[in-house]
Amino acid sequence: MDPHLLRTFVAVVRHGSFSAAARQLGYTQSAVSQHIAALETDLGTTLLHRRPVGPTKAGDRLLEHAAPLLLRLDAARADVLRVAGTPPGRLELAMTPLAATPRVAEALAGARRSAPGLQVGVRVEGRQAVVTGVVAGEYTLGLVEGVAAPSDPLRLSEAGNLTHVAVAEEPLAVLLPDDHPLARRAGLRLGDLVDARWIDAPDVAAPLPDLRAAAQSDAPRPSLRYDGTDVTALVTLVAAGHGLAIAPRRVTAGVPGVRAVPLTLPRLVHRTEALHGHDPGPAAAALAAALAFQARP
C-alpha cells in the first residue's frame, strides 16, 4: 500500500472534499482523484462515496489503520535523521497550555545562556498534537501534562517509543463558580459531583474520560465542549456557570468569580512530562535534565 496514496485518502476524508485535499497537499484535483482510484484498485474495493464525499464502511476501517501507519512512517524518518545528526543549534519546543510555567521559561533561558546562538522555536498545542509532533520529528522536545495517580506516568497514545522525563506533579482542584453551593467546601470528592454540569475541555483541563476511568463511573458528563488552548477562557466559562472543570489551582489566578476546591478523591495529581526521541541533541537533552524533578515540587 503506497503511503502517498494513503496520505491523499486521509486528506480527502479529513476535508470532505477532493478539491480541498488537493489544495492542502499541493496536487491538482485530477491527481487526487487518480490517487484515490489507484488505492481503491489496489485494495479491490470502493473507499469513498463521491456525493457527498465520505468514507464507505471499508474506508472507515482503512482510516482506523491509516493514522498510526503514517505516524510510524514519520517516526521512522525522524529517528533516522536524529541518528544522522540533530542540528546542535536548533531547538523546537512544543508545550501543552498548562505545561507553560515560569519554571519552564527559566530553564529555557538557562539553555539559551549556556548555548549562545541557539535558535529556539516554541509552540503551544493540544496534548495529542504535541505527542505526534515529537514522534514525527516536527518538535525536538515536548512538554505534556495530564492527570495520573501519584508517581504514575501519563498514559499517552503513540508515545511508547519516546523517552519520558517527569517534570512536575501538583494537586488538582475542582473549579466552581464563586456562588456554587459547594464552593466553600474544604475539599470535594468526584462522587460528590455526579449530577453536576461539566465543561469538556480536553486540552486545558483534566480530560473527562480520564476522570471517569479513575472514578470507575460514567460521571462526569459534559454539558459544554471547549476546544481551545486558552486557559483563561476556560476559567471564565466556569465562572459564568457553564459547568465545572478540574485543573491545578493556579489556573484561577487573576480570574474573578471562580473558586478552586481541592479534589480529595480519587487520588489524582496534575503531572507534566518531557518527551523526546532517541538522541534529541544537546540543547533538548539539557533542557529535559534541567526540568526533571527528584522530589515533590
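The values are calculated or read from the model by the stated rules, or taken from the named source; none is laboratory data. Please read these numbers as outputs of a predicted model, since none were measured by experiment. When we count neighbours, we look across all protein chains shown, and the Cβ atoms used for this are built from the backbone with ideal geometry, even at glycine.
Out of all the residues in region 226-249, is one or more within 24 Å of A105 (Cα to Cα), of a type in the set (K, R), outside the structural domain of V147 (by TED's automatic domain parsing) and surrounded by 14 or more Cβ atoms within 10 Å (Cβ to Cβ)? Yes, because at least one residue in region 226-249 is within 24 Å of A105 (Cα to Cα), of a type in the set (K, R), outside the structural domain of V147 (by TED's automatic domain parsing) and surrounded by 14 or more Cβ atoms within 10 Å (Cβ to Cβ). For region 87-131, residues that are of a type in the set (K, R) and surrounded by 18 or more Cβ atoms within 10 Å (Cβ to Cβ) total 1.
Which residue out of A214, A159 is over 18 Å from G241 (Cα atoms), surrounded by fewer than 20 Cβ atoms within 10 Å (Cβ to Cβ), aliphatic (A, V, I, L, M) and in contact (Cβ under 8 Å) with a residue 60 or more places away in the chain?
On the way: A159 fails: surrounded by fewer than 20 Cβ atoms within 10 Å (Cβ to Cβ).
Among A214, A159, only A214 is over 18 Å from G241 (Cα atoms), surrounded by fewer than 20 Cβ atoms within 10 Å (Cβ to Cβ), aliphatic (A, V, I, L, M) and in contact (Cβ under 8 Å) with a residue 60 or more places away in the chain.
Against the criterion of being surrounded by fewer than 19 Cβ atoms within 10 Å (Cβ to Cβ), in contact (Cβ under 8 Å) with a residue 40 or more places away in the chain, more than 18 Å from the chain's Cα centre (by Cα) and within 25 Å of V104 (Cβ to Cβ), H278 qualifies. Here H49 meets the list (1) in a helix (DSSP H, G or I); (2) surrounded by fewer than 13 Cβ atoms within 10 Å (Cβ to Cβ) almost entirely, failing just condition (1). Close contacts from region 181-202, counting a first residue that is farther than 20 Å from A233 by Cβ and a second that is surrounded by fewer than 16 Cβ atoms within 10 Å (Cβ to Cβ), with Cβ to Cβ under 6 Å and a gap of 6+ residues or different chains, come to G187/P262; R189/L265; V194/A219. On the given criteria, is L154 in contact (Cβ under 8 Å) with a residue 24 or more places away in the chain and under 22 Å from P282 (Cβ atoms)? Considered against the rule, which asks whether it is in contact (Cβ under 8 Å) with a residue 24 or more places away in the chain and under 22 Å from P282 (Cβ atoms), L154 comes out as no.
Looking only at residues in region 201-211 that are out of contact with any Pro (no Cβ under 7 Å at 6 or more places or on another chain) and either closer than 15 Å to R189 by Cα or of a type in the set (D, E) (or both), the one that is surrounded by the fewest Cβ atoms within 10 Å (Cβ to Cβ) is D210.
Against the criterion of being more than 21 Å from the chain's Cα centre (by Cα) and over 15 Å from V255 (Cβ atoms), R197 qualifies. Exactly one residue out of G137, G59, G85 is on the phi < 0 side of the Ramachandran plot and at pLDDT below 95: that is G59. Residue pairs whose Cβ atoms lie under 8 Å apart, sitting 6 or more positions apart in sequence or on different chains, and linking a residue in region 1-13 that is outside any helix (DSSP H, G or I) to a partner that is small (G, A, S), are D2/A38.
Can we say V130 is at pLDDT 90 or above, closer than 30 Å to A201 by Cβ, in contact with a helix residue (DSSP H, G or I) (Cβ under 8 Å, 6 or more places away or on another chain) and part of a helix (DSSP H, G or I)? Answer is no for this residue. Of the residues V204, V130, V194, the single one that is hydrophobic (A, V, I, L, M, F, W, C) and outside the structural domain of I246 (by TED's automatic domain parsing) is V130.
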